[in-house]
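The values are calculated or read from the model by the stated rules, or taken from the named source; none is laboratory data. Keep in mind the model is a prediction, meaning the values are calculated, not measured. As a convention, Cβ positions derive from the backbone with ideal geometry for all residues, glycine included, and neighbour counts pool all protein chains shown.
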Amino acid sequence: MSDIVQAHRLIIAHHFLDGKDSILLISIVYDSGFGHTARVAKAVAAGIQEVQGAEAKLIAVADGLIDWESLERSDAIIFGSPTYNGLISARFKQFFEDSTKAAWTEQKWRNKLAAGFTNSGAQHGDKLNSLVSMALFAAQHGMIWVGLDMMPGNSSSTGSADDLNRLGSWLGVMTQSNTDQGADITPIKSDLVTAAYLGRRVTETARRLQPA
C-alpha cells in the first residue's frame, strides 16, 4: 500500500471517527409533569431531524437515569421544563444540581450550544423566569446560548393564536397548554411548529460552527 493511499484512508477514518463532520448530536433534556412539555420536546426533536446528518436524543429527567456521556458528546443541548409557580420544576432543578459533579467541575459542556423551552397553563405564567434560569445555567457551564430569531405573533389586529411565536419570546420558546385539556390536544399546533423551528435553528447553527 502506497503512503498516499494509507494517508488518505487515515484521513477518511478520522473524518468519521471524529463525528464532528458527519453526524450532529443534539440532545434535549426535559421534564414533563403531565405530558405537555414532553410533546413540545418531541416537536423540538422533529425540527432537529429536519436537518440532514443530525440526530436528536431525548432525555427525560423523570426517568432518573441521565445519559451524561451522550450529553458530553453532544454538539448542543436544549433544555425544557414546565413552569410551575414561575419556576422550573423540582426535578429539572435537581438535574441542574446533579450536573455540577457530572459536568460543571470539568466544564465538559464548554462551548456547546444551548437553548431552552418551557410550557405553562397560563398565557404568561412568568415563563421568562424559567428561560432565564436555563440561560444562566448554560452560562455557568460555559455554553453558548441560542435564542429564538422569530418575530412575535398574535401582536396585531390581524394576528391570531395560530401565529408562530404567539407568546412573543426571544430568549427561548414559550408554549401554553390549557389546564383542562390533555397533551393530545394542547399545546396547539402553532406552539409545536415554533418549537420545531427552534430545534432546526440550533442544529443549523451547530452545523455552521463545525470546523471546515
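Residue by residue, here is whether (1) touching a residue at least 12 places away in the same chain (Cβ under 8 Å); (2) closer than 16 Å to ASP31 by Cβ; (3) of a type in the set (A, V, I, L, M) holds:
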{"site": "THR118", "(1), (2), (3)": "yes, yes, no"}
{"site": "HIS124", "(1), (2), (3)": "yes, no, no"}
{"site": "LYS127", "(1), (2), (3)": "yes, yes, no"}
{"site": "SER133", "(1), (2), (3)": "yes, yes, no"}
{"site": "LEU136", "(1), (2), (3)": "no, no, yes"}
{"site": "ALA139", "(1), (2), (3)": "no, no, yes"}
{"site": "VAL146", "(1), (2), (3)": "yes, no, yes"}
{"site": "MET150", "(1), (2), (3)": "yes, no, yes"}
{"site": "GLY153", "(1), (2), (3)": "yes, no, no"}
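Just to confirm my filter: which helices (runs of 4 or more DSSP H) fall fully inside the stretch 58-154 and include at least 1 residues that are in contact with a helix residue (DSSP H, G or I) (Cβ under 6 Å, 6 or more places away or on another chain) and surrounded by fewer than 20 Cβ atoms within 10 Å (Cβ to Cβ)?
By residue number, 68-73, 90-102.
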Does ALA43 meet the test of being aliphatic (A, V, I, L, M) and part of a helix (DSSP H, G or I)?
yes
Could you list, ordered by first residue, the pairs with Cβ atoms under 6 Å in which the first is in the stretch 99-111 and of a type outside the set (D, E, K, R) and the second is part of a helix (DSSP H, G or I), at least 6 apart or interchain?
ALA102/TRP68
Mind listing whichever residues of the stretch 176-212 are under 23 Å from ALA139 (Cα atoms), modelled with pLDDT of 95 or more and not basic (Lys, Arg)?
ALA195, TYR197, LEU198, GLY199, VAL202, THR203, GLU204, THR205, ALA206
Members of the stretch 169-209 that are within 18 Å of the chain's Cα centre (by Cα) and part of a loop (DSSP other than H, G, I, E, B):
SER169, TRP170, LEU171, GLY172, PRO187, LEU209
Can you tell me which residue in the stretch 21-58 is nearest to TYR197 (Cα to Cα), limited to those that are touching a strand residue (DSSP E or B) at 6+ places or on another chain (Cβ under 8 Å) and among the polar types (S, T, N, Q)?
GLN49
Go through the residues of the stretch 164-177 one by one and say whether even a single one is over 22 Å from ALA114 (Cβ atoms) and surrounded by fewer than 17 Cβ atoms within 10 Å (Cβ to Cβ).
no
Counting just the residues of the stretch 178-196 that are among the hydroxyl-bearing types (Ser, Thr, Tyr) and within 15 Å of VAL44 (Cβ to Cβ), which one comes out surrounded by the fewest Cβ atoms within 10 Å (Cβ to Cβ)?
SER190
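Being without any contact (Cβ under 8 Å) to a residue 40 or more places away in the chain and among the small types (Gly, Ala, Ser) is the filter here; which residues of the stretch 155-172 pass it? Write out each step before concluding.
We begin by selecting, within the stretch 155-172, every residue without any contact (Cβ under 8 Å) to a residue 40 or more places away in the chain; these are 155-166, 168, 170.
Matches in the stretch 155-172: SER155, SER156, SER157, GLY159, SER160, ALA161, GLY168.
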